[in-house]
Amino acid sequence: MTQPTTNEFIKGLWRQNPIFVQMLGLCPALAVSNSAINSLTMGLATSFVLLSSGVVISAIRSLIPRDARIVSYICIIASFVTTVDYVIKAISLDLHKSLGAFISLIVVNCLILGRAEAFASKNTIGRTLQDALGMGAGFTISLLCIGSVREILGSGTLFGVALFPESFQPWTIMILPSGGFFVLALWLLVIGLFENTRARRAAAAGEHA
Amino acid sequence: MMADAPHWSIFVNAALINNFVLAYFLGLCPFMGVSAKLATAIRMGGAVTFVMLVASICAYLLNQLLLLVDAPYLRLISYILVIASTVQLVEMLLRKLSPATFRALGIFLPLITTNCAILGLALFQTNRGYGFSRAIVFALGAAAGFTLALVLMAGVREKLDLAPVPELVKGTTAALIVAGILSLSFMGFAGLGS
């Protein structure tokens, strides 16, 4: 536990990125990522729940009995999700409608329960805060990556702003469910290629040295 | 998708047209995790079907109760608690009745609790205002759709293991592309219902 604490933040962004590396929380990631604004809302809502439930769980971690821990975590998470649900409804009814039941479904996002079990239940509030911020940021950025590609190709816009001239024929498939699978596969491929090149370069550097 | 839709249309809609996995992306974790072997996929389908059925009935009764006491904000918490206890029950039953299945499902059995397909089912049926019989038909349809998608996926992945796939695409990437193609072909069902 001597490593610098900034590591807790950074690891969520890349090395343990929740979506591209750990494959956690895929359901909401694919279901609402058909436009950039939906992705951003979903990412922020999830980050908020991750952060607040993490802090609460970490604060009362010594009080929770071992056998009842999952149930307690779920209750805490569900309360925050209910809050977020009502807040989003108050801010924008349209957004709430387009995200539909998926806001409530943040409860069963494996990422949140996973972090609660693996990190928040064993670490201090400060470290949990950093971990949750990193994971939340990683989640939001990944969602934005998927969402913007789908929106640009599927409707020719980004955050509702048209990017192409009138003659652009949108790839409707990208905003349909199957597009979600394809775009995620594409991103995994890109990341795999990147990691491969890096590994090869590191190996080459190792030989020279 | 109204509250008074005929039963067959609800079933076909949940199972094929708006398949939970391939159109709503619900229950992706077990879909990716348990779909490597056909036999495990079928057992998982069975377990999920049972949990879905029980959860749907409980969610219907709970919703009536919550409406009675005028506390809709408790819906989410009570649903998830019911689902968690049902899963616990299934786990205990399976360990007693079929230890082999229990071992094969491994970590994915307790994870049914966080299977969004089940909570999603409970929330959808409440949002759409289904009555008791429609809720059960909806649950059966959704479970059939989930099992179908899981079994199809497992069948394809078993073949995929023998195919010369580029090293980079192996694993999750290939599975995702297969899922995308499956989802694409399920769109062909779109004309079935009204």
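The values are calculated or read from the model by the stated rules, or taken from the named source; none is laboratory data. Worth saying up front: this structure is predicted, and the values here are computed from it rather than measured. Cβ atoms come from the backbone with ideal geometry, glycine included; neighbour counts cover every protein chain shown. Please note that ligands, DNA and RNA were not included when accessible areas were found on the heavy atoms of the full protein model with its side chains. Shrake-Rupley method; radii C 1.70, N 1.55, O 1.52, S 1.80 Å.
Which residues, if any, in segment B:42-75 have at least 20 Å² less accessible area in the whole protein complex than in the isolated chain, probe 1.4 Å? SASA drop of 20 Å² or more in segment B:42-75: B:Tyr73. Evaluated with a Cβ-only charge set (Lys, Arg +1; Asp, Glu -1), segment B:7-186 carries a dipole of roughly 240 debye about its Cα centre, given to the nearest 20. Using the 1.4 Å probe convention, the accessible area of segment B:7-186 works out to 42 Å² per residue with neighbouring protein chains retained. In order along segment B:120-132, the phi-based Karplus estimate (6.51 cos²θ - 1.76 cosθ + 1.60, θ = phi - 60°) of 3J(HN,Hα) comes to x, 4, 4, 5, 4, 5, 6, 4, 8, x, 5, x, 4 Hz; Gly and Pro are listed as x.
In order along segment A:168-182, the Karplus-derived 3J(HN,Hα) couplings, from 6.51 cos²θ - 1.76 cosθ + 1.60 at θ = phi - 60°, round to 5, 9, x, 7, 3, 4, 5, 8, 7, x, 5, x, x, 4, 5 Hz, and Gly and Pro are given as x. When the other protein chains are added to the chain by itself, burial of at least 40 square angstrom of heavy-atom accessible area (probe 1.4 Å, ligands and nucleic acids ignored) affects these residues of segment A:151-183: A:Pro177, A:Ser178, A:Phe181, A:Phe182. Counting, for every residue in A:14-25, the Cβ atoms of other protein chains within 10 Å of its Cβ and taking the mean gives 1.
Putting +1 on Lys and Arg Cβ atoms and -1 on Asp and Glu Cβ atoms, find which of A:Ser155, B:Ser98, A:Gly206 reaches farthest to the positive end of the dipole of the protein assembly as shown. Value: B:Ser98. Interface size, chains B and A: roughly 3000 Å² of accessible area buried, both sides included, 1.4 Å probe, rounded to the nearest 100. Under a 5 Å amide H cut-off, with hydrogens placed 1.01 Å from N, A:Leu158 pairs with A:Leu163 among residues at least 5 apart or on other chains. Would the protein assembly as shown count as rounded, prolate or oblate if I go by the C-alpha gyration tensor, calling it rounded below 1.5 in a/c and otherwise prolate when a/b exceeds b/c, oblate otherwise? Because its axes are fairly even, with a/c under 1.5, the protein assembly as shown counts as rounded. Across peptide B:177-183, the average count of Cβ atoms from other chains found within 10 Å of a residue's Cβ is 6.
From a point 7 Å beyond the Cα of A:Ile91 in the direction of its Cβ, which residues of segment A:12-53 have a backbone N at a distance under 17 Å? Within reach of a label on A:Ile91, which here means backbone N under 17 Å from a point 7 Å along Cα→Cβ, segment A:12-53 contributes A:32-33, A:35-53.
Can you classify chain A as rounded, prolate or oblate using the Cα gyration tensor, where a ≥ b ≥ c are the square roots of its eigenvalues, rounded means a/c under 1.5, and otherwise it's prolate if a/b beats b/c and oblate if not? Since a/c reaches 1.5 but b/c is at least a/b, the shape of chain A is classed as oblate. Need one word for segment A:90-209: rounded, prolate or oblate. Basis is the Cα gyration tensor (sqrt eigenvalues a ≥ b ≥ c); a/c below 1.5 gives rounded, then a/b vs b/c decides. Oblate is the answer for segment A:90-209, as a/c is 1.5 or above yet b/c matches or exceeds a/b. Applying both filters, DSSP loop and at most 15 other Cβ atoms within 10 Å, to the trypsin sites (Lys or Arg not before Pro) of segment A:50-151 gives A:Lys122. Using C-alpha pairs below 8 Å separated by at least 6 residues, the relative contact order for chain A is 33 percent.
Only aspartates and glutamates eight or more places from A:Lys122 in sequence, or on another chain, were considered; those with a Cα closer than 14 Å are A:Glu8, A:Asp131.
Per-residue packing, averaged as other Cβ atoms within 10 Å, sorts the ranges B:60-73, B:178-191 into the order B:178-191, B:60-73, beginning with the highest.
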